[in-house]
Amino acid sequence: MSKLPDPDQTRRSFLKFLAGSPLFAAMPFQDDYVIKNPAEAINVLEFEAAARKALPPAHWGYLSTGTDDDATIRANREGFSHYQLRTRRLVNTTNIDMSVDLFGTKWETPIVLAPSGTLFHPEGATAVARAAQTQKTLQILGGVQEQTHHIDEVMKARGGPVWYQLYASQNMDMTLQTVKRIESAGCPVLVWTVDILGGRNLETAQRLRRLDTRQCMSCHDRDPQVRPGQAGRNTLTWDTLRRLKDATRMKVLVKGIESPEDADLCVQSGADGVIVSNHGGRSTESGRATIDSLPEVIQVVRNRIPVLVDGGFRRGTDVFKALALGARAICIGRPYMWGVAAFGTPGVETVLAILRREFNLVMAQCGKHSIAEITPASIVHAGR
């Protein structure tokens, strides 16, 4: 299979050409320009540099880190190059419907705000919730976030229910207490994250933490992580999923599924849905993109339960490819966290608006009027 050109290398080569061209010699072109407000952003990637500038080293290290050598973070982005769009022409796309139904609730787009374990803005989850309300976007509240921003407070800012990410305790009684409290608050969907139960090795975060002279353990000590040479002790199993299902009326999704075998066990154990995820490249250094794991999961689930996916989504084309492979919706993490870190609520609003605009554009370019029209025939596997 022929290797597609590296977009970053292509961009650098083009910029080098511009720099040497007398036509552009007098133009004030800055490759390292950092946006000063959300309105300047051309795409969501431009929020990354703004967030790095705004955050102290330890916070940036946590936000940007993967595991081991960060290969899986890179794989998540590179995976989208394995699929190409099949564009269509002369289709009337005056009215495009990007809405999607998830457990009986209709959302204007299939773009979901994934849970974040660490806060990067003083208002944290409530700043994100206000943006979710403005953009009419589904928000999944991180379980660690809820310790400092109660779910009732977040729902008030959102103007409606949010989903809740559960980090289950090894003490099942404590976990069930949390489940009951979240259900009583009016949460409709519980998202159990299972991909870091065995521990993880966040080397980039540790390196950048050494550069930070502040006392910031309160920001980082709650999120499960493992230093080199250590391993997590996990006693939670598929029986735990069955107990969770029996203990609540909420829908229960399992987040962190990457293999078809586990997806099938989710269905057998009563899960109401799965999220194909490698924790943004932060769980296991598998080196495999979630977009490449998605087709196998879709194949074994056979539409019995909805499948969502996260990992590396930065463009409207990425969203389209995932839906074409069978995902019901996609979740974004780092892009909106860049936005909130740099600019608060307006940053998240702009990130969501840009992705919606791009997704609408690619639907028009591919001649699709609705999500239902996006099928496997809408893309081509590169090299086939």
Would you check which residues across the stretch 128-156 are modelled with pLDDT under 95 and over 20 Å from residue 310 (Cβ atoms) and list them? 147, 148, 149, 150, 151, 152, 153
Failed condition for residue 187, given (1) buried (at least 17 other Cβ atoms within 10 Å of the Cβ); (2) free of Cβ contacts under 8 Å to residues at least 40 places away in the same chain; (3) farther than 30 Å from residue 70 by Cα; (4) not charged (D, E, K, R): (2)
Cβ-Cβ below 6 Å, separation at least six or inter-chain, first residue in the stretch 290-301 and surrounded by fewer than 20 Cβ atoms within 10 Å (Cβ to Cβ), second assigned to a helix (DSSP H, G or I) and aliphatic (A, V, I, L, M): which pairs? 300/263
If I go through the stretch 164-184 residue by residue, how many of them are surrounded by fewer than 20 Cβ atoms within 10 Å (Cβ to Cβ), of a type in the set (Gly, Ala, Ser) and assigned to a loop (DSSP other than H, G, I, E, B)? 1
Might you check whether a residue that is in a loop (DSSP other than H, G, I, E, B) and hydrophobic (A, V, I, L, M, F, W, C) occurs anywhere in the stretch 275-287? no
Residue under question is residue 263, and the condition is that it be among the hydrophobic types (A, V, I, L, M, F, W, C), in a loop (DSSP other than H, G, I, E, B) and out of contact with any His (no Cβ under 9 Å at 6 or more places or on another chain); does it hold? no
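Just to verify a result, which residue in the stretch 261-287, among those that are among the hydrophobic types (A, V, I, L, M, F, W, C) and in contact with a helix residue (DSSP H, G or I) (Cβ under 8 Å, 6 or more places away or on another chain), is surrounded by the most Cβ atoms within 10 Å (Cβ to Cβ)? Write out each step before concluding.
As a first pass, look at the stretch 261-287 and keep what is among the hydrophobic types (A, V, I, L, M, F, W, C): 263, 265-267, 271, 274-276.
Retained after the next criterion (residues that are in contact with a helix residue (DSSP H, G or I) (Cβ under 8 Å, 6 or more places away or on another chain)): 263, 265-267, 271, 274, 276.
Numbers: 263: 26, 265: 16, 266: 26, 267: 17, 271: 24, 274: 24, 276: 31.
Step by step, filter the stretch 261-287, then rank; the result is 276.
With respect to residue 177, is the statement that it is modelled with pLDDT under 90 and of a type outside the set (Asp, Glu) true?
In short, no.
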Across the stretch 44-69, what is the total count of residues that are within 13 Å of residue 206 (Cα to Cα), in a loop (DSSP other than H, G, I, E, B) and of a type outside the set (Val, Ile, Thr)? 3
Working only within the stretch 321-375, note down all residues that are closer than 19 Å to residue 92 by Cβ, assigned to a helix (DSSP H, G or I) and of a type outside the set (Asp, Glu). 359, 360, 361, 362, 363, 364, 365, 371, 372
So which of 68, 32 ends up being touching a residue at least 12 places away in the same chain (Cβ under 8 Å) and exposed (fewer than 13 other Cβ atoms within 10 Å of the Cβ)? 32
Within the stretch 92-128, how many residues are closer than 24 Å to residue 143 by Cβ and in a strand (DSSP E or B)? 6
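The values are calculated or read from the model by the stated rules, or taken from the named source; none is laboratory data. Fair warning: this is a prediction, and the values are worked out from it, not measured in the lab. Virtual Cβ from ideal backbone geometry, glycine too; neighbours counted across all protein chains shown.
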